[in-house]
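First the structure, in the form of structure tokens, and then the observations on it.
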Amino acid sequence: MVSSVWGCCLVVCLSGNMNSFFKYDSDYLEHGHLLNVSSLKRFSLPVSLLGFLIYNFAYGDSSLYERFAYLNPLKMSFTFGCTFLVIWCVVMLVKENVIIQKTAIWIAIFSAFAFSCAMGLIGLENREGIITISIVYLMVSFAITTRLGYLILLLVVNAGIFYFVATAVYGFPATYFVISLFSSTLLGCLICYSMDKQRREVFYSHKKLTENMNALNKALDIKSTFLGHMSHELRTPLNAIIGFSDLIQNAEKMKVSQDKVKEYAAHINNGGTHLLTLVNDILDQNKLEAGEVTVQVEEIGVCETIDGYLDELRPISSNKKQELDLVSCAPETKIHTDRRIFKQIIYNLVSNAQKYTPEKGRVTINIEKRNGDNVDVIVKDTGKGMRQELIDQIENSEILLQSHFISNAEGTGLGLIIVSQLLHRIGANIKVKSAVGKGTEIRLEFPVNFAVN
């Protein structure tokens, strides 16, 4: 079986380049299956009609083919026409059953190979080249995007079967056809390989383009939602500042008392502070995304540092009659980290807890040292809590595309996102436990000996 040997040599020669092609992911297989079905819809009916034409007109005198008692080409052409007519009906009618579709595809491949063998034998009877085999090989290589390894194997096996039948069963000299058979097999395998490679490149390029488009659309959606969110957040304090400042300007005309003027001034101050916080959040976020936040590591005492920060934040809790306490901390607890980033993290977390904890609520901080390698700062509050969706966004906010803001959160939602990203910069982690209406516990895990890479 010379042709089979040649075909196997071809596969071995290409195997170094084809190893990656024998591995298919599920997306590509699904894409290839859809192309197979589409190809069958296009060519199975014309091929069926061609089979009937061959049966009725091309070989009307069956006496010419008496030597083909075991493989009558006329019967083969009729069977071939019927088979592809059934396949066309199946692929046109069956739209959901993948197993039936795949069965129809493989039946089409084997039928095409069988018919090519029969027509090739007729060509040998007249000492003609095996044109039909060449056409079928090219047709299958172009039209059927099945697995590359299986397809090349089928081409080689079909060539070997033809060689055996032609020489051993019907006694044709190999010199009649061996060069044509080898050339057809080689050409079919090369086209099969090239077509599969091109299909892969087109598929994965399209897939990557689709992913990029989806990412871009998602980014645009996030931007639009963020701008809508921000416009509301900025408009509210600005309206308050403008409104109360107008009242102060007209205080004499409206005979407003000094106590009211002080109250209006306090509202203006709160509005301005809120605006400054929003602007700082946006600037911090931009710096983080641009990689402009530098890290300078030094040793700091955790307890005294956090206690000093809480002294600055206690006036806010006093106004809301909240408890703000550092509950537990070993005095000798120290870590190596960036002092400025550490302060911003604690400030953001505690001020966020104060903001969403109601009057007469409680915000507590606990410091725990674990295994000598980590120091945990745990901030608990008795506020309104968070949904799991928000918790997932906070804990995964190192992904820039997802980190522009916390969707569906009150305010811009940047505060906790910035905390999460800053923690990532200094090798720390954040874990959030919360439930709506049951408060929030945020655990910050700081490494004791952090070093900048």
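Only the coordinates and a few stated rules stand behind these numbers; no lab work does. In this text the structure is predicted, and so the values were computed from the model without any measurement. Methodologically, a virtual Cβ is constructed for each residue, glycine included, from the backbone with ideal geometry; neighbour enumeration extends over all protein chains shown.
Quick look at the values:
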read-out: Cα→Cβ-extended label distance, 7 Å offset, between residue 347 and residue 265, nm; value: 2.5
read-out: Qualifying lysines (Cα of each under 17 Å from Cα of residue 334; at least 8 residues distant if same chain); value: 343, 369
read-out: From phi via Karplus (6.51, -1.76, 1.60), per-residue ³J(HN,Hα) for segment 314-322 in Hz, x at Gly/Pro; value: 5, x, 5, 5, 4, 4, 9, 6, 9
read-out: Qualifying GluC sites (Glu not before Pro) for segment 343-401 [loop in DSSP, other Cβ within 10 Å: at most 11]; value: 359
read-out: Pairs from 360/384; 41/95; 320/380; 218/438 whose Cα-Cα separation, in the structure shown, is over 23 Å; value: 218/438
read-out: For residue 338, residues with placed amide H under 5 Å, excluding near neighbours; value: 298
read-out: Net charge of neighbours whose Cβ lies under 12 Å from the Cβ of residue 248, counting Lys and Arg as +1 and Asp and Glu as -1; value: 0
